[in-house]
Amino acid sequence: MLHSILNIIDRFNQLMIPNGHVSDKGSYSTVPHIADKVNSAFLLVVVISVVLLLLVTSFMVYFAVRYRASNNPEPEEVKESLMLEIVWTVIPTILVSIVFYVGWNNFVSMRDVPENAMQVKVTARMWSWDFEHENGRKNKTLTVPAGIPVKLNITSNDVIHSLFIPDFKIKEDAVPGLETQLWFLSKEPGEHIIFCAEYCGTGHSAMTSKVIVMNKDEFHKWYEQEEDKNEAFAVLTELIEDNGCLDCHSTDGSELVGPSFKGIYGRKTIVSTNNMDREIIADEEYLRKSILYPDKDIVKGYSDEMPSFEGEINDEEMKTILRYLKNLK
Ligand code: CUA
């Protein structure tokens, strides 16, 4: 009995996943798509709920009319019915077991990482994502090849974040001091948005990135490409981006979590020091201090959100950043 029900469910699952198997070179033909499995589980729950809703509502209306007071002035006493009690215990138990079976099945395939998956290290921080490939390539976006399973090893530098890729229907917490895992396989080249799904402070809503899925040849070229470290501008931009500065500070004057970098050097600024307002000129000394000890002089209108970079960047990097800020007109 149970066996035949499970068979029906499996067939239902396959029915709902017409393209659920990747035939790419045949190597991943047995790898199901998590997003499709999640969708079919959701559909199953919706179908069961709608059928039950219609059933219960029809009975309710029928009984309300059939046994209305004007028709039955004398209420009749109803005694227990063993049959009824068995039915309303057994049917919900079967339904719940079916939903559990489908959910468990999907959970297992979410946890069951294909052995030859490409590994990417993911580090979350307030408020950006870092993705590092096995060859040391680091990026703020996640670039992967189509048709190859990708395993993400996730951790956090500060508080708990959560990596969420809605298109792939996957989500996992990024916890400081712990490594969590997630995997996916994307059939087609394309772009998919990444959100942070754990409230992590002022910049939470801006903590987005994207998955860039390239075809294999294109990815291979990208992966082997030497990063352009010779160009001075590339070094600057990389430094600013690697430290997540641009997640909170714009370069075009627009308001984000912190003041814009545009024209910041030499700007007259009101800052609040121990709750006392004073006017300062944002010179090199002020900027250096603000990077190392951001909680000392906070620009009026902003809150104390920035993490300290003391020990995070060396003197050389500090000079490069200050030069960058000076030149950003
Ligand atoms: Cu990180 Cu929300």
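The values are calculated or read from the model by the stated rules, or taken from the named source; none is laboratory data. A quick note: this is a predicted structure, and the numbers were derived from the prediction, not measured. So basically every Cβ, Gly included, is an ideal-geometry build from the backbone, and we count neighbours across all protein chains shown.
Quick look at the numbers
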quantity: Spans of strands (runs of 3 or more DSSP E) in region 174-230 with at least 3 residues within 16 Å of the ligand (Cβ to nearest atom) and touching a residue at least 12 places away in the same chain (Cβ under 8 Å); calculated: 190-196
quantity: Members of region 132-159 found to be part of a strand (DSSP E or B) and either among the small types (Gly, Ala, Ser) or free of Cβ contacts under 8 Å to residues at least 60 places away in the same chain (or both), listed by number; calculated: 132, 139, 150, 151, 152, 153, 154, 155, 156
quantity: Considering residues of region 124-154 that are closer than 24 Å to residue 204 by Cα and β-branched (Val, Ile, Thr) only, the residue surrounded by the fewest Cβ atoms within 10 Å (Cβ to Cβ); calculated: 141
quantity: Region 235-280: number of residues that are outside any loop (DSSP other than H, G, I, E, B) and either under 27 Å from residue 158 (Cβ atoms) or among the aliphatic types (A, V, I, L, M) (or both); calculated: 18
quantity: Which listed residue is modelled with pLDDT of 95 or more, within 30 Å of residue 41 (Cα to Cα) and either of a type in the set (D, E, K, R) or surrounded by 10 or more Cβ atoms within 10 Å (Cβ to Cβ) (or both), from 90, 99; calculated: 90
quantity: Test: residue 43 is under 24 Å from residue 107 (Cα atoms) and at pLDDT 90 or above; calculated: yes
quantity: Sole exception among (1) over 22 Å from residue 323 (Cβ atoms); (2) exposed (fewer than 12 other Cβ atoms within 10 Å of the Cβ) for residue 271, by number; calculated: (2)
quantity: Residue that is within 31 Å of the chain's Cα centre (by Cα), surrounded by 15 or more Cβ atoms within 10 Å (Cβ to Cβ) and among the small types (Gly, Ala, Ser), where the choices are 260, 308, 303; calculated: 260
quantity: Some residue of region 126-140 being under 22 Å from residue 33 (Cβ atoms) and either away from the ligand (no atom under 16 Å from the Cβ) or in contact with a His (Cβ under 8 Å, 6 or more places away or on another chain) (or both); calculated: no
quantity: Lone unmet requirement of (1) within 16 Å of the ligand (Cβ to nearest atom); (2) of a type outside the set (A, V, I, L, M, F, W, C); (3) out of contact with any strand residue (DSSP E or B) (no Cβ under 6 Å at 6 or more places or on another chain) for residue 147; calculated: (1)
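Residues checked against (1) within 20 Å of residue 124 (Cα to Cα); (2) touching a Phe, Trp or Tyr at 6+ places or on another chain (Cβ under 7 Å); (3) among the polar types (S, T, N, Q):
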residue: 252; (1), (2), (3): no, no, no
residue: 256; (1), (2), (3): yes, no, no
residue: 259; (1), (2), (3): no, yes, no
residue: 262; (1), (2), (3): no, no, no
residue: 290; (1), (2), (3): no, no, yes
residue: 293; (1), (2), (3): no, no, no
residue: 318; (1), (2), (3): no, no, no
residue: 323; (1), (2), (3): no, no, no
residue: 328; (1), (2), (3): no, yes, no
